Each structure stands twice: as C-alpha cells, then as structure tokens.
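*Asks:* The structure's right below; bear with me while I get my questions together.
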Amino acid sequence: MAKKQFKAESKRLMDLMVNSIYTHKEIFLREIISNASDALDKLCYRSLTDDSVGLSRSDFAINITLDKDARTITVSDNGIGMTAEELESNLGVIARSGSFSFKKDIDSDKAEGIDIIGQFGVGFYSAFMVSDKVTVVSKAFGADAAAKWESSGADGYTVSPAEKDGVGTDIIMHIKEDSEAENYSEFLDSFRIRGIIKKYSDFIRYPIKMDGETINSMVPIWQRTRSEVTDEDLNRFYRDKYFDPEDPVKAILVSAEGLVSYKALLYIPKNAPYNYYTRDYAAGLQLYTGGVMIMENCAALLPECFRFVRGVVDSQDLSLNISREMLQHDRQLKVIASNLEKKIKSELKKLLADEREKYEAFYKSFGLQLKYGTVADYGMKKDMLAELLMFRHASDEKLLTLDEYVSAMPEEQKFIYYAIGESVAKLAAMPQGEAVRDRGFDILYLTDDVDEFVMNILGEYSGKELKSINADDTGIVSDEEKKETEQQETENKDLLSFVAETLSGKIASAKLSTKLKSHPVCLSARGNITLEMEKYFSSIPGNDKIKAERVLEINGSHPSFKALKKAFDSDRGKAAKYAELLYFQALLLADQPLDDPLRYTELISELMI
C-alpha cells in the first residue's frame, strides 16, 4: 500500500502544531472528543429528516477504551462516519474541516440544537503530541464498507479498506514511549483520563463513557434557567468547583441574546483566596463553547477591578482559531466582557442596597481591589466604582458610602472632608479635624496606602469636591477670620521667618494656621506631594525617595505661640528651642518619624530646668 504524503505546508503546520501551538499535551483528548461530538451532531441532524438513521439523541455516545499493554487509547463514536474519500479529504490536508463545510451547508431552520465545535480541522492532529501512530477506522452512514486512515506523523499516511460493524469512527492512538523529559504513560492511567474529561469535556452533550460508566455531567448548571436551580444548587456548585468552604455572597446567572449570545454563571466570593493579592493568583472566567472548555482563566472577560469574580461563560458565537486556546476574533469577547462588567456592577449595587451585611462582608475582602480599580488606567473606571466604595468615618463606627455621606451633609457644608493616616484612632486625634467636626461636618477616615491616590483621582463626587482636612483652605473659615489670621501673620512676619530659618532643611515655611482650635501646632505640606504620599513612596524598597515640602502651622491663639513670641522678643536661643520642640510635636501628631529623637529628649530636659 503506497504511503501518501501530506502537502508541504501541511507538514510545516503539523510540526508547528505539535511542538508549539498547544500549551498542554492533555489538550489532545479534548480535541478528539470534540471531533467525536461533531460527528454525533451531524448524524443527529440527519435523523431529523431521515428515518433510516434509526437512532434518537439518547442513543448517541462516545466511548473511551484504555489498553495499557498495547499502549493505546481508543475514542469511539456512533456518529456520521467517513468514507475513504472523506478520510483522505478531511485528514490528508491539515486545516481542512468537514465540520466547517457541514455548518455552512445546513438549513438553520432545521439545525436547532446542532452546534459544530470543530470548524478548522486541526484539533485532530494534536493526537500526535502524545502518539507515535494514529489509526482512524470509520464507516460512514449509508456506506457499505469501512475505511482505515493511518499515519505516524509528518512522513505521510495511508488509506485502506477496513472492517467495522456499525457506523461511526474509532480513533486509536498509540501512545509514545516515555523519555527522560516526558511521561507519556500518564495518558494510559484511567484516573488521569477521567480527570482530563471532567476538566475539559464535562459538558459535552453526549455521554462520554469508560467501562460502561458515564464520566461527564452533560448538562451544565449555567445552561439551566433560574427557576430550574435552587440557591443551594448554585452554592454547592461554587463550593465544589472552587474549594471554598464558604458560600459566595452572590450567584449571578446570565442568559444573553443579541449581538453575541451567551450564558454565564458568575460568583462574587465572600473571602479572598490566600494568594489573591499576589502574582500567583490567576484571574479570569472559564470559557466554554459548545460545552467544551477553551480557556481555564480568560482574563479578557473581566475588568481588572472585578478580577475577584469567579465563574464560567459559554457561548456558541465565538470563533476559535486552530489552537482553541486563542480567539481568532476578539470582538465577541469584548462585547461579552462589557456586558458582564455592567451586570456585575448592577448586582453589587443591588447587594449594597438590599443585603448590606453581605456587601460589607464582601467589601472587607475586596474593597481594596475596588480602590485599585479606581486609580488604575488614570481613573478610567472611577465613575463606575465610586458609588461602590465604603469608608470609616468620624460620626460612628459603621462603614459609609459616598452617597450616604453626601445625603447626610448639612446644607451649609460645601466639601466632602477626608483624613488619611495609619489608623482610625490616630485620625480621630488629628488636630486638623477638630474644627471640621465642631461645625457638624463628618470626616472620612482613610487608612489604606492607595487612599491618597483614590481621593486625587476622584476629585469630586455628586458635585461636591473632596477635600483633605490638611488642605491649605478647608473652607470652614470665614472671610473675616481669614483676614484676622493674615493680619496676625503680617504682625508676626519676623517671628515666622525666624522659625523657618531655625528649622531650615526641615520645613519649607512656617505659618499661622486657620485649621487649629485647641492644639498648638500641626504639620502640612505645600505643593502636590502630601505627607502621606511621601510615606507611601518611602515604604517601597528601592524606590526613589520623594519629599513633601513641609509647612509648620502654628495656632496663633494658643499659649504656646505666646510663649514663643515672648522668647523671640527676649531670648532668641530659647525661642529657637521652642521652635524645634513645636516641630517635634507636629511630627508626632502627623505620625511622622522623629528625625532626631535624642535632640527631642534633650530639648524637653533643657526646657524643664
């Protein structure tokens, strides 16, 4: 029997496919099973108009047989089968697909429920990743004789007559011998093969059997309507699939028809996985088409801000390229991703409104992710995420949204006030907050490293400017009070210059404060770099250290200022010590490290004598 040669381009493609295209060798079984499913679909479609088929949908199945002694895996189906000519036409030229031609020719009105997975005719050759010889024995429906196609790889193939009792196709893969680099024998292990089937082909719509036992579930839970599944069904699926002992805070079933049709089952977890905020965490949704898993983690389906969402998406509208792992056209994916983003946002808002306790449990785990999403890509998602953010605040211990803050603002309040620091307790003790609170204005207490950037990116909310209590003008001082402070500064110009000179290199300037009420001093920053930004960048190893332009603000009504002023008039040496001491006090109140603790203790001792 003369061996026929693949065309030159087919040889190159086979080599590329076997060695490069597929990431994991186990994919071969997914591809062969998908082809078998296609063959069953074709005969099932034929049975709609041809009574001679003599089979109903429940009669179709895929059988897998392992023979460790012979080192073979056989995948058999009772589908449409192929003639000798079709074997040569479909398998003799790589990237030629009978499934693709079939799909073009069928009558769409009669093909409801018939979904052809393999459209590009390459998946079959993935068998050569693990096999040194592949034999295909097939008998086409309506044919009198069977035929055999056989190949050991790129060197060519043979087509010859064969014996086969019923219609359908047997694909016999002779598994390669093990080498130092590869353990091919794993694909002869029944437990391993069952695992691959469950992973990739669990939702093929025909039974996949081994030793008479059906391995796959066939009907995915996300293909059912909401009325067909209970909350416990959805939660159990989540717990089993993602190994999470806790129920999710929300399960979302989506059935979309339109430009792109798809079904999805999404979960919003209660707790973050242990590795969530590390590089090891693989975000994304499982992507299926025709019941076959195409990607384990399709990150393109989720925006980064919602990377905590887990689940699956199944669409018949996705066009796949030869690897089944990369999408030929990403337009459909973008449509699905955009729709899912809106759906997730909508469900989170609903959770916040209707099940506050559950939302707060979710926010405890993933609020930081929403904040990161707010500042990412120069705030591209800020408008979508802002109303989902929650904060501690001065009025009580409960979490507060920006909407809730704004709705509770007194009529005369112009700004949304916030303070940034290490802890709520330290923020509550900040001198700058006293005057704000005394006017009945609430303050958001922010303690995450990213909060400074969140506030800067947001800028305003609901028409109200976000303003730090450290701002030069907090908007709580009347014009008359400002004039009084300006006049007092003019009168004490020399004293303030003296303080700045005494603390040269440590502060950019000294000024009389409009923020302070009962406290003597506070530290603020001039320019775009705040004290919290300085602290954040200083905490990053190897990062170029940036410094804020520090401003020492002094309460002109406090006895400490009067003592400083008196010393300035009579004892400049003592006044210099007072200036240093006030600076150290400001550092402590701002939760900044003391640059010279020894000098601080010396000053206290000297001034006590």
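*Asks:* Look at Ser365 and say whether it is open to solvent by 20 Å² or more (accessible area, probe 1.4 Å), under 23 Å from Val260 (Cα atoms), in a helix (DSSP H, G or I) and not basic (Lys, Arg). Don't jump to the end; show me each part of the working.
*Replies:* Working: open to solvent by 20 Å² or more (accessible area, probe 1.4 Å): yes; under 23 Å from Val260 (Cα atoms): no; in a helix (DSSP H, G or I): yes; not basic (Lys, Arg): yes.
Spelling it out, it is not the case that Ser365 is open to solvent by 20 Å² or more (accessible area, probe 1.4 Å), under 23 Å from Val260 (Cα atoms), in a helix (DSSP H, G or I) and not basic (Lys, Arg).
*Asks:* For Ala500, are the conditions met, namely being part of a helix (DSSP H, G or I) and open to solvent by less than 30 Å² (accessible area, probe 1.4 Å)?
*Replies:* Working: part of a helix (DSSP H, G or I): yes; open to solvent by less than 30 Å² (accessible area, probe 1.4 Å): yes.
For Ala500, the condition - part of a helix (DSSP H, G or I) and open to solvent by less than 30 Å² (accessible area, probe 1.4 Å) - is met.
*Asks:* Could I ask something else about it? Does at least one position in region 284-292 carry a residue that is in a helix (DSSP H, G or I), open to solvent by 10 Å² or more (accessible area, probe 1.4 Å) and at pLDDT 90 or above? Outline the logic, then answer.
*Replies:* The initial filter retains those residues of region 284-292 that are in a helix (DSSP H, G or I), namely none.
No, because not a single residue in region 284-292 is in a helix (DSSP H, G or I), open to solvent by 10 Å² or more (accessible area, probe 1.4 Å) and at pLDDT 90 or above.
*Asks:* Which members of region 518-529 meet the condition of being surrounded by fewer than 17 Cβ atoms within 10 Å (Cβ to Cβ) and at pLDDT 90 or above? Show your work before the answer.
*Replies:* The initial filter retains those residues of region 518-529 that are surrounded by fewer than 17 Cβ atoms within 10 Å (Cβ to Cβ), namely 518, 526-529.
Listed by number, the list holds a single entry, Ser518.
*Asks:* Next question, about the same structure. Glu360 versus (1) open to solvent by 30 Å² or more (accessible area, probe 1.4 Å); (2) free of Cβ contacts under 8 Å to residues at least 40 places away in the same chain; (3) under 15 Å from Thr447 (Cα atoms): which is the lone unmet condition?
*Replies:* (3)
*Asks:* Check Leu427 against each of (1) touching a Gly at 6+ places or on another chain (Cβ under 7 Å); (2) touching a residue at least 40 places away in the same chain (Cβ under 8 Å); (3) buried (at least 16 other Cβ atoms within 10 Å of the Cβ); (4) not small (Gly, Ala, Ser) and name the one condition it does not meet.
*Replies:* So the condition that Leu427 fails would be (2).
*Asks:* Any residue at all in region 440-447 that's under 19 Å from Asp472 (Cβ atoms) and polar (S, T, N, Q)?
*Replies:* There is no residue in region 440-447 that is under 19 Å from Asp472 (Cβ atoms) and polar (S, T, N, Q).
*Asks:* On to the next question. If you scan region 331-352, which residues turn out to be closer than 24 Å to Asp451 by Cβ and open to solvent by 80 Å² or more (accessible area, probe 1.4 Å)?
*Replies:* Residue satisfying the conditions is Lys349 alone.
*Asks:* Right, another one. So is Tyr359 assigned to a helix (DSSP H, G or I) and more than 20 Å from the chain's Cα centre (by Cα) or not? Spell out how you get there, then give the answer.
*Replies:* On the way: assigned to a helix (DSSP H, G or I): yes; more than 20 Å from the chain's Cα centre (by Cα): no.
Judged against the criteria, Tyr359 is not a match.
*Asks:* Out of everything in region 345-356 that is part of a helix (DSSP H, G or I) and of a type in the set (Asp, Glu), what residue ends up being farthest from the chain's Cα centre (by Cα)?
*Replies:* Of the residues in region 345-356, the ones part of a helix (DSSP H, G or I) are 345-354, 356.
Checking the rest, the ones that are also of a type in the set (Asp, Glu) come to 347, 354.
On the way: Glu347: 16, Asp354: 25 Å.
Filtering region 345-356 for residues that are part of a helix (DSSP H, G or I) and of a type in the set (Asp, Glu), the one farthest from the chain's Cα centre (by Cα) comes out as Asp354.
*Asks:* Sticking with this one: Please work out which one of (1) touching a residue at least 40 places away in the same chain (Cβ under 8 Å); (2) within 15 Å of Leu91 (Cβ to Cβ); (3) surrounded by fewer than 17 Cβ atoms within 10 Å (Cβ to Cβ) is the condition Asp132 fails and give its number.
*Replies:* Going through the list (1) touching a residue at least 40 places away in the same chain (Cβ under 8 Å); (2) within 15 Å of Leu91 (Cβ to Cβ); (3) surrounded by fewer than 17 Cβ atoms within 10 Å (Cβ to Cβ), Asp132 breaks only (2).
*Asks:* Is it the case that Tyr583 is assigned to a helix (DSSP H, G or I), surrounded by 21 or more Cβ atoms within 10 Å (Cβ to Cβ), out of contact with any Phe, Trp or Tyr (no Cβ under 6 Å at 6 or more places or on another chain) and touching a residue at least 40 places away in the same chain (Cβ under 8 Å)? Quick ask: steps written out before the conclusion?
*Replies:* Details: assigned to a helix (DSSP H, G or I): yes; surrounded by 21 or more Cβ atoms within 10 Å (Cβ to Cβ): yes; out of contact with any Phe, Trp or Tyr (no Cβ under 6 Å at 6 or more places or on another chain): yes; touching a residue at least 40 places away in the same chain (Cβ under 8 Å): yes.
Considered against the rule, which asks whether it is assigned to a helix (DSSP H, G or I), surrounded by 21 or more Cβ atoms within 10 Å (Cβ to Cβ), out of contact with any Phe, Trp or Tyr (no Cβ under 6 Å at 6 or more places or on another chain) and touching a residue at least 40 places away in the same chain (Cβ under 8 Å), Tyr583 comes out as yes.
*Asks:* Count, please, the residues in region 252-283 that happen to be under 27 Å from Met380 (Cα atoms), under 16 Å from the mean Cα position of the chain (by Cα), part of a loop (DSSP other than H, G, I, E, B) and not aliphatic (A, V, I, L, M).
*Replies:* 11
*Asks:* In region 537-572, what count of residues is obtained for those that are more than 18 Å from Lys506 (Cα to Cα), open to solvent by 20 Å² or more (accessible area, probe 1.4 Å) and assigned to a helix (DSSP H, G or I)? First the steps, then the outcome.
*Replies:* So the first thing to find is which residues in region 537-572 are more than 18 Å from Lys506 (Cα to Cα), and the list is 537, 539-544, 555-572.
Pick out the ones that are also open to solvent by 20 Å² or more (accessible area, probe 1.4 Å) and you get 537, 539-544, 557-560, 562-563, 565-566, 568-572.
After this cut, where a residue has to be assigned to a helix (DSSP H, G or I) as well, the list is 537, 559-560, 562-563, 565-566, 568-570, 572.
Counting residues in region 537-572 that are more than 18 Å from Lys506 (Cα to Cα), open to solvent by 20 Å² or more (accessible area, probe 1.4 Å) and assigned to a helix (DSSP H, G or I) gives 11.
*Asks:* So, one more: For the condition charged (D, E, K, R) and more than 24 Å from Met430 (Cβ to Cβ), what is the one hit in Lys562, Lys517, Lys547, Lys577?
*Replies:* Criteria check complete, one pass: Lys577.
*Asks:* Also, quick follow-up: Does region 406-414 include one or more residues that are over 22 Å from Gln432 (Cβ atoms) and open to solvent by 20 Å² or more (accessible area, probe 1.4 Å)?
*Replies:* Applying the first criterion (over 22 Å from Gln432 (Cβ atoms)) to region 406-414 yields 407, 411.
Pick out the ones that are also open to solvent by 20 Å² or more (accessible area, probe 1.4 Å) and you get 407, 411.
Yes, that holds for at least one residue.
*Asks:* Ala146 is checked against (1) open to solvent by 20 Å² or more (accessible area, probe 1.4 Å); (2) closer than 24 Å to Ala61 by Cα and fails just one. What number does that condition carry?
*Replies:* (1)
*Asks:* List every residue pair whose Cβ atoms lie under 8 Å apart, where the two residues are 6 or more positions apart in sequence or sit on different chains, the first residue falls within region 522-547 and is over 12 Å from Ala471 (Cα atoms), and the second residue, located anywhere, is surrounded by fewer than 10 Cβ atoms within 10 Å (Cβ to Cβ) and at pLDDT below 80.
*Replies:* Phe537/Asp544; Phe537/Lys545; Ser538/Lys545
*Asks:* Within region 190-208, can you find the residues that are open to solvent by 20 Å² or more (accessible area, probe 1.4 Å), in contact (Cβ under 8 Å) with a residue 40 or more places away in the chain and either among the β-branched types (Val, Ile, Thr) or in a helix (DSSP H, G or I) (or both)? It would help to see each step written out before you state the result.
*Replies:* The initial filter retains those residues of region 190-208 that are open to solvent by 20 Å² or more (accessible area, probe 1.4 Å), namely 190-192, 194-195, 198-199, 205, 207.
Among the residues that remain, those that are also in contact (Cβ under 8 Å) with a residue 40 or more places away in the chain are: 190, 199, 205, 207.
Across region 190-208, the qualifying residues are Ser190, Lys199.
*Asks:* Sticking with this one: Please go through region 60-72 and pick out each residue that is within 19 Å of Tyr206 (Cα to Cα) and not polar (S, T, N, Q). Talk me through it step by step, then tell me what you get.
*Replies:* As a first pass, look at region 60-72 and keep what is within 19 Å of Tyr206 (Cα to Cα): 60-65.
Hits for region 60-72 are Phe60, Ala61, Ile62, Ile64.
*Asks:* Looking at region 504-534, which of its residues are out of contact with any strand residue (DSSP E or B) (no Cβ under 7 Å at 6 or more places or on another chain) and in a helix (DSSP H, G or I)?
*Replies:* Once the filter is applied, which keeps residues that are out of contact with any strand residue (DSSP E or B) (no Cβ under 7 Å at 6 or more places or on another chain) and in a helix (DSSP H, G or I), region 504-534 yields Met533, Glu534.
*Asks:* Could you grab me the full set of residues in region 469-484 that are surrounded by fewer than 17 Cβ atoms within 10 Å (Cβ to Cβ) and touching a residue at least 60 places away in the same chain (Cβ under 8 Å)?
*Replies:* Across region 469-484, the qualifying residue is only Gly475.
*Asks:* Yes or no: region 146-163 includes at least one residue that is within 17 Å of Leu40 (Cα to Cα), of a type in the set (Ser, Thr, Tyr), within 45 Å of the chain's Cα centre (by Cα) and at pLDDT below 95.
*Replies:* Filtering region 146-163 down to residues within 17 Å of Leu40 (Cα to Cα) leaves none.
The answer is no; no qualifying residue exists.
*Asks:* Give the residues of region 373-409 that are of a type in the set (Phe, Trp, Tyr) and on the phi > 0 side of the Ramachandran plot, sorted by residue number. Working first, answer last.
*Replies:* Going through region 373-409, the residues of a type in the set (Phe, Trp, Tyr) turn out to be 378, 391, 405.
Passing the criteria: only Tyr378.
*Asks:* Would you check if there is a residue in region 455-475 being hydroxyl-bearing (Ser, Thr, Tyr) and part of a helix (DSSP H, G or I)? Even if it seems obvious, please write down each step before you answer.
*Replies:* Going residue by residue through region 455-475, those that are hydroxyl-bearing (Ser, Thr, Tyr) are 461-462, 468, 474.
With the extra rule that they be part of a helix (DSSP H, G or I), the set shrinks to none.
No, because not a single residue in region 455-475 is hydroxyl-bearing (Ser, Thr, Tyr) and part of a helix (DSSP H, G or I).
*Asks:* Right, next: Among (1) free of Cβ contacts under 8 Å to residues at least 40 places away in the same chain; (2) closer than 19 Å to Gly421 by Cβ; (3) of a type outside the set (A, V, I, L, M, F, W, C), there is one condition Tyr600 misses while meeting the rest; what is its number?
*Replies:* Here Tyr600 clears every test but (2).
*Asks:* Among the residues of region 448-468, what is the count of those that are more than 21 Å from the chain's Cα centre (by Cα), more than 14 Å from Tyr378 (Cβ to Cβ) and open to solvent by 50 Å² or more (accessible area, probe 1.4 Å)?
*Replies:* Number of matching residues: 5.
*Asks:* Tally up the residues in region 24-77 that are in a helix (DSSP H, G or I) and open to solvent by 60 Å² or more (accessible area, probe 1.4 Å), please.
*Replies:* At the first step, the residues of region 24-77 found to be in a helix (DSSP H, G or I) are 27-47, 51-53, 57-59.
Filter once more, keeping what is open to solvent by 60 Å² or more (accessible area, probe 1.4 Å): 46, 51-52, 57-59.
Matching residues across region 24-77 total 6.
The values are calculated or read from the model by the stated rules, or taken from the named source; none is laboratory data. Here the structure is a predicted model, which is why all the values come from computation and not from measurement. So basically every Cβ, Gly included, is an ideal-geometry build from the backbone, and we count neighbours across all protein chains shown. Each accessible area value is taken on the protein alone, full model and side chains, heavy atoms only, with ligands, DNA and RNA left out. Shrake-Rupley method; radii C 1.70, N 1.55, O 1.52, S 1.80 Å.
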